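A short worksheet on the structure shown next.
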Amino acid sequence: MSPRFRAGDRVRTRAVNPEGHTRLPRYLCDREGTIETVHAVYPLPDDRARGVSVEACKKEVLYTVLFDGREVWRERSVEPLSVSADLWDSYLRPERAR
């Protein structure tokens, strides 16, 4: 599996509210960020939490994504603040220029 994104790419997290375990924090759902680091391909921990064996888990690229505090907490943000999170490929979509 090849990475869909490169360092510096703008992405938006998906607006999801799945049942069960996810490594996408709710406060980062539907937020815009920048790919900071592209890591390797790993078994998806969401599958592991559902009892899927490591061998049968979906494999995905892991990224570190950097978010500006204003994007995450809107008017409650205190400057300067940024948040980074390690997020899986399926949590992300390309962010189009506005």
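The values are calculated or read from the model by the stated rules, or taken from the named source; none is laboratory data. The structure displayed is predicted, hence computed values, not measured ones. Note that we place each Cβ from the backbone using ideal geometry, even for glycine, and neighbour counts take in every protein chain shown.
For this structure, a couple of remarks:
- Scanning region 70-98 for residues that are closer than 15 Å to residue 26 by Cα and of a type outside the set (Ser, Thr, Tyr) yields 71, 72, 73, 74, 83, 85, 86, 87, 88, 92.
- In region 67-98, the residues that are hydroxyl-bearing (Ser, Thr, Tyr) and modelled with pLDDT of 85 or more: 82, 84, 90, 91
- Contact map, region 75-86: residues that are among the acidic types (Asp, Glu) paired with residues that are surrounded by 12 or more Cβ atoms within 10 Å (Cβ to Cβ) and assigned to a helix (DSSP H, G or I), Cβ distance under 9 Å, separation 6+ or inter-chain. Pairs shown: 79/69; 79/70.
- Total residues in region 62-97 satisfying the condition of being in contact with a helix residue (DSSP H, G or I) (Cβ under 8 Å, 6 or more places away or on another chain), assigned to a loop (DSSP other than H, G, I, E, B) and either surrounded by fewer than 13 Cβ atoms within 10 Å (Cβ to Cβ) or of a type in the set (Phe, Trp, Tyr) (or both): the figure is 4.
- Entry remark, region 1-43: residues being over 15 Å from residue 85 (Cα atoms), modelled with pLDDT under 95 and not in a strand (DSSP E or B) number 9 in total.
- Within region 1-22, the residues that satisfy the criterion of being under 19 Å from residue 73 (Cα atoms) and not polar (S, T, N, Q) are 10, 11, 12, 14, 15, 16.
- Residues being among the polar types (S, T, N, Q) and surrounded by 12 or more Cβ atoms within 10 Å (Cβ to Cβ) - total across region 1-24: 2
- Inside region 17-32, residues that are in contact with a Ser or Thr (Cβ under 7 Å, 6 or more places away or on another chain) and not acidic (Asp, Glu) make up a count of 4.
- Residues satisfying the stated conditions in region 53-98, i.e. more than 14 Å from residue 34 (Cβ to Cβ) and hydrophobic (A, V, I, L, M, F, W, C): 54, 56, 57, 61, 62, 73, 78, 81, 88
- Close pairs (6 angstrom Cβ cut-off, 6 or more residues apart or separate chains): acidic (Asp, Glu) in region 39-68, crowded, with 17+ Cβ neighbours inside 10 Å and part of a strand (DSSP E or B) anywhere: 60/88
- Counted residues, region 52-61 - those being over 13 Å from the mean Cα position of the chain (by Cα) and assigned to a strand (DSSP E or B): 1
- Output for region 25-61, where each listed residue is buried (at least 18 other Cβ atoms within 10 Å of the Cβ) and touching an Asp or Glu at 6+ places or on another chain (Cβ under 8 Å): 31, 33, 34, 35, 44, 60, 61
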